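Presented below is the structure to which this report refers.
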Amino acid sequence: MARPGFVLEVDDRTPPLVVHDGPGYRLEKFPLGTEVVYAPEALAPVDDQAEAIAAALDSPTDSAPLSELLRPGMKLTIAFDDITTPTPRMRRPDIRGRIIEAVLTRAARAGVDDVALICAIGVNRRNTDAELQQMLGERVFRSFFADGLLTNHDADDDNLSVLGGGEAGEVAVNTRAAASDLLVFVHVATNADGGGAAAMATGLGSTATVCSVHGLQGVLSDGAAAASAGRVVAAALPVFSIEAVLDNHIFGQPLEFLGKREWEWSIRDQVTWLGLRRALALSPSKTRRRLFTAAAGGYSVVGINAGAPAAVRAQSTKLLLQQQLVQMQGQADVGVIGVPEQTPYSIDSVTNPILAAWRGLSAAFSSADGVPFVREGGALVLYHPMPVEFSPLHHPSYVDFFADVLTATIDPLQIQEKFEAKFATDPWYSHLYRTSNAFHGVHPFHLWYRIAAARTHCSDIVWVGADRSSAERLGFRAASTLADALEIVSARVGRSPTIRYLHNPPQIIAEVR
Amino acid sequence: MTAAPAMTFAQQRPGGQDRPLLDGRLKDLLAGKKILMTGVTGFIGEQLLWKILTELPDTVPAVLVRQKGSATARARMVGVVKKKIFTEVREAAGGAEELLDARVDIIQGDLPNVPDLPADLDVVVHCAGDVSFDPPINQAFTTNVIGTKALMAKMLQACSDDQGNLVKVPHYVHISTAYTAGRRRGVIPEAPHAHSIDYDAETAAGLGMRDLIEAESRTAGQLATLRKEAEREHRAAGYLTTAADTERRRKEWVQAKLVEAGTERARSLGWTDVYTFTKALGERVVADLGAQIKVSVIRPSIVESSWLHPYPGWIEGFKMAEPLILAYGRGELPEFPASPDAVIDIVPCDHVVNAIVAVCATEPAVGTAEYYHVSSGARNPLTFQGIYGQIRSYFTDHPLDGGSRGAAQLPTWVFPGAGSVERLLSTSERAHGMAERMLARAPRSNRTRTIARDLDRARARLDFLRRYLSLYNEYAQSELQFVDDNTLSLTMSLHPDDQPIFAFDTAVFDWTSYIQEVHAPSVTAPVRRLDALRRKRGNRPTTMKDLSANTATDQALAVFDLDGTIMSTNVIEQYLWARLPELSTARQLGEVGQVLRRLPAYIRAERRDRASFLRAVYRRYRGADLAALEEAVDTILTPHVLSRLSPEAVRRIREHRAAGHTTVLITGAVRPLTRPLRPLFDVIVAADLATDDDGRCTGYLTGPPLVGESRAAWLQHYASQHGIDLRRSFAYADSHSDLPMLSCVGNAVAVSPDIPLMRAAGARQWSVVEWRIKPTTPRWVMPR
């Protein structure tokens, strides 16, 4: 039985604690009395992945076994999550590849010839060949890619199939998926509020469908839009859902100790830490960034569920809560969060200010029952340098979003009215999204809408060590140290606020009592 | 400062002759006389005219003015009398035109091509001359010797009958300079300088230098040297640019050689420079031609702003000491090669003008030229140490606006001597030259550009110092003492009523008041005004214009260069990207090895000629399948190309598209590599690889690569074909070879430029922008 998460109260014996600060770490001495929230330890992994996969496929929940759903002459489509989940990426072999191999074995046994694989990117960037190969394994990649049977989804394709209208709007998805006799969807579950049929709608849907879920109205609907889109997909398509739940070992060797509690570091961990700090200090910023954005995690699979999307989702969520939930007493006045360099949308790329803001603020609002760990009117202190740097390959629309949109307004409603349609239909962004590796033009909007809640909830959001101009552009404040940040927020929360540091990553879901 | 004794030197004139003095009010003495004057548009001439018009109501000034461009003599005179000092007299006459009609005779003409002069002239004042100390030798002789000769000849002709007999004895007043004494030392009397130079022979030789040097500048050797110099700087930009620069250099060389010839000739005969030398010869011309008439020669020393009239501090334009004073105030004159005890002989302009008027009213004996030193050194000396103290104290109390950095620190002079200053300067120049050579080899970056800008600033300062120090070096060490007894007697003989208006005793003022309260405030005022204006106006206009309100639409082009401007890459790298994927690992290594081995040769070719460099690299494409190459670009290279794009560049291109401009990409890169950029550009001009019947590249191009001047030619042709207005068009490029292309559009922008282009952009007031390109993958990572 793994140790559950816990809350440490800083006293004078507490050592300086690790805080993620973009492409680097800080050791921060927190004020006495600060509550530090540690994630639970990793759950026990499944003993044998092959067995677990077989068990899930052959005795699924609320569904006939997969083999019984397969028959000769049928059209089978396997869709899978793109490289953005999990972040950081999984070491080879990626669990998606193993599951899909098992599915393909059963399909071959059943005599299914017409099989296609689709990477469910939604409005994310197209995954590169290397990334597809990394996710699927060399054998699957080789068998399907050259024949054009392994593709990235294209949300701007004019010929998507309309499945029907939900409450949030029409749902249109990938034509191959819609025309299939069976859609197998392979999802890697690391997030309690993802997955399910909704993920199929956003991963395989048209831009309009994705926008109905991740757009401003979708975000404001508090999950209703996603559920509605998911229902339309589940009702219209024969779906067999497979979800692999990962533990929270996001640090691979030799950095595994970063997921441990500081006072439990071994001598070896401490030496590694010293060496790491020295190496980071000496390496140029580009190298440092590459180290972080390309690193792989040390995940294990803690459960594999298959069957009907809703039932599978419920099982995964239960496991994920077990893995990520930490109980805490009451809401704090000031929340502190370190923002790591890796975000799902900056793999092998640059974490621009918008991504950093989204990464930090979305982590802050991950809670079990809608009660954030910081009180309304409280303050958030985050760590990230927020440099004004963008990847021209991956984030062309972010450049213009930062330069044109955020200079005009930061209000989500106005941004949606004035700019979203223009970015969504911009031919250059669309061209880059469809033929290159760029995120779709609407992508920055979706992230921006999702941080709106934090902005209204908190009276002050201060970034420690951030580029002042970019923090200001985003409507935040910048401070050089934690002490300065606390000084800034003292006007709203007083001189002796309750401070709570979310020792993340790994992901922590707050359960406030 | 204590007042000097009234008469310091010889009370008695040698020879016992009486000095010509004044016996009445000047306005009466000069009533009804016509004074012909030259140089009225100049500094002294202008005030002289003002003085005559305001104080001598019955005197008629006749002015000899040359036409300047389209401005006739009259138009220029209207300009003169519209100046502030003429306000009172102009308004009294009812306007500028009316004043000229009523009071002034205008004769349009030039020196030495003097027109016929009116027969009724009584006095001729010749105060036209060069303001420069180092004119080319031919120009110095033309102005100071031939011009004087021509003027006097015409004057004599006007005063003679048809047989050439004088019918009237005019008074010729010649404005010379005290420094005609040349490199003599000690006391200089108010008398002709002793020398035995044949001015006609000297003049002929001086004028001859022009043809000689002009011919020499056209010899093959000289032209080759100049061409090589031009090529070093402009080879990349193309032949025509180089040729234009060669011709510019040749003209500069001729000019410099003529100046040098003048200086050397003057020094070989004992004068400081060609200005004082030819002025001295001019005095001799005056004495010779004026043997039959009344002649006076006035020798002012260094003429600076007025002491009292028209108002204290009146000055026109920048004279001798001002650039030095201002440079000191800006903290840019670290030391001066003067002897601290040498006298700087300054005289206020109004004293010179008053002296001229008084001399005009005298009646010197016919055949004996009278000499007058208008100078301060004899009785009211100001040493260099003294003026340094005055100026320093002035700027300490009234510093110049140093902008955001506050007032400049004023250098402390210790007068270490000319040799020491010269050593300091030449060491600095050597260090600068070394830094410049190192910089030429440094890789292009923001830091090298900053260094280059600093170096250019230092260069400008050094050039300034070099120029002024070499010009004034002689004067700063002169040990001349100009006797001014004649002048003093004359001012003392002024009628008591004329004293407040016309006095010109240079011992009456003290230097503290003159420098700190009159001269320095007056010469710094325009600079202060300009500084304030510059501060208010902010930055210079920019060619990187806001496009949101641009109305040129489809009449404008937006032309972009590829390598280094919108993308960080080079053709060798592009070649390896494009070529390596289709080769086996062993052959890949071989290919990279070969390219590396040839790299020095490529770099040499690049420095020599961009086109031949491109040809050399593209030769390597021989045998590549063009269709496969294009496919490789689409499938493998696109992310590589896009990740090296500058986000700012893409934004700018898209802004141009949104404004309706035709976007054009001009590059020497091979066409397949531009495929990922097709959606951004309406027109892409790139190098096309020639193929054989099997679609394999031959290693040649279908036409010459478009570099340097051919880009400008292409643009002009395209513009004429498509109704494009190039003046409203935009161009963006990063290297000096694109100068011709940038020069042919109205809005040129240098993007992260190399140093030669940065300098060209600065000279042409083009915007310089930094488009950062930070590829996320390192150079050596090959596309997979």
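Derivation of every value follows stated rules applied to the coordinates shown; laboratory data play no part. Quick caveat, the model's predicted, so the values are computed rather than measured. Using ideal geometry, Cβ is built from the backbone for each residue, glycine included, and neighbour counts are taken over all protein chains shown.
Quick notes on this structure:
- Counting DSSP beta bridges with both ends in segment B:669-784, the antiparallel % (nearest 5): 20 percent
- C-alpha center-to-center spacing [segment A:201-229, segment B:115-192] in angstrom: 96 Å
- 3J(HN,Hα) along segment A:505-511, derived from phi through the Karplus expression 6.51 cos²θ - 1.76 cosθ + 1.60 where θ = phi - 60°, amounts to x, x, 4, 10, 9, 7, 10 Hz, with x in place of Gly and Pro.
- Mean Cβ count within 10 Å, highest first, over the residues of peptides A:479-486, A:76-83, B:523-530: A:76-83, A:479-486, B:523-530
- Rounded, prolate or oblate (a/c below 1.5 giving rounded, otherwise prolate when a/b exceeds b/c) for segment B:553-769 by Cα gyration tensor: prolate
- Taking segment A:49-246 and dividing mean pair separation by its residue count, relative contact order in percent (alpha carbons under 8 Å, at least six apart): 24 percent
- Separation between Cα centres of segment B:587-621 and segment B:638-667, rounded to whole Å: 28 Å
- Rounded to the nearest 10 degrees, the angle from helix B:384-397 to the longest Cα principal axis of chain B is 60 degrees.
- Counting only whole DSSP H helices of chain A, the ones at least 20 Å long by C-alpha along their axis and with mean Kyte-Doolittle hydropathy no lower than -1.0 are A:95-109, A:267-282, A:309-324, A:443-457.
- For chain B, the relative contact order works out to 13 percent when only alpha carbon pairs closer than 8 Å and six or more residues apart are counted.
- 0 to 90° range, to nearest 10: angle between helix B:199-217 axis and chain B longest Cα axis: 0 degrees
- Protection proxy ranking, peptides A:173-185, A:344-356, B:189-201, average beta carbon neighbours within 10 Å, highest first: A:344-356, A:173-185, B:189-201
- Its DSSP H runs of at least 4 residues, each contributing -39,500 (n - 2.57), put the calculated 222 nm mean residue ellipticity of chain B at -14000 deg cm²/dmol, to the nearest 500.
- Counting Cβ atoms of other protein chains within 10 Å of each residue's Cβ and taking the mean over peptide A:388-395 gives 6.
- Antiparallel DSSP beta bridges within the protein assembly as shown, percent to nearest 5: 20 percent
- Neighbouring partner chain Cβ atoms per residue of B:647-655, average, 10 Å criterion: 4
- Helix-only mean residue ellipticity at 222 nm for chain A, each DSSP H run of n ≥ 4 adding -39500 (n - 2.57), per residue, nearest 500: -10500 deg cm²/dmol
- Residues with amide H under 5 Å from that of A:ASP21, placed H, sequence gap 5 or more: A:ARG26
- Among A:13-26, A:428-441, sorting by the average number of other beta carbon atoms lying within 10 angstrom of each residue, highest first, gives A:428-441, A:13-26.
- Counting only Cβ charges, +1 for Lys and Arg and -1 for Asp and Glu, the dipole size of chain B around its Cα centre is about 3860 debye.
- By the rule of a C-alpha distance below 20 Å, with chain neighbours fewer than 8 residues away ignored, the aspartates and glutamates paired with A:LYS418 are A:ASP400, A:ASP404, A:ASP426, B:GLU655.
- Taking the centroid of alpha carbons for each part, segment B:472-533 and segment B:368-441 are 20 Å apart.
- This ranking places B:THR553, B:THR512, B:THR278 by how few other beta-carbon atoms lie within 10 Å of each, fewest first, which gives B:THR553, B:THR512, B:THR278.
- Among the listed pairs B:LYS154/B:LYS294; A:LYS29/A:LYS260; B:LYS33/B:LYS279; B:LYS51/B:LYS149, those beyond 23 Å (Cα-Cα): B:LYS33/B:LYS279; B:LYS51/B:LYS149
- Mean separation of Cα pairs under 8 Å and 6 or more residues apart, divided by the residue count, gives chain A a relative contact order of 20 percent.
- As a proxy for reagent exposure, ranking B:VAL286, A:VAL213 by other Cβ atoms within 10 Å from fewest up yields B:VAL286, A:VAL213.
- Amide H contacts of B:VAL374 (H built 1.01 Å from N, under 5 Å, at least 5 apart or other chain): B:ARG299, B:SER301
- Percent of beta bridges antiparallel (DSSP, segment B:553-769, rounded to nearest 5): 15 percent
- Within 10 Å of each Cβ in A:396-403, the average number of Cβ atoms from other chains: 3
- Amide H within-cut-off set for A:GLY303, under 5 Å, with H built and near neighbours excluded: A:VAL46, A:VAL245
- Using alpha-carbon coordinates, inclination of helix B:446-476 to the longest axis of chain B, degrees: 20 degrees
- For segment A:80-167, applying the loop criterion from DSSP together with a ceiling of 15 other beta carbons within 10 Å to the GluC sites (Glu not before Pro) yields A:GLU167.
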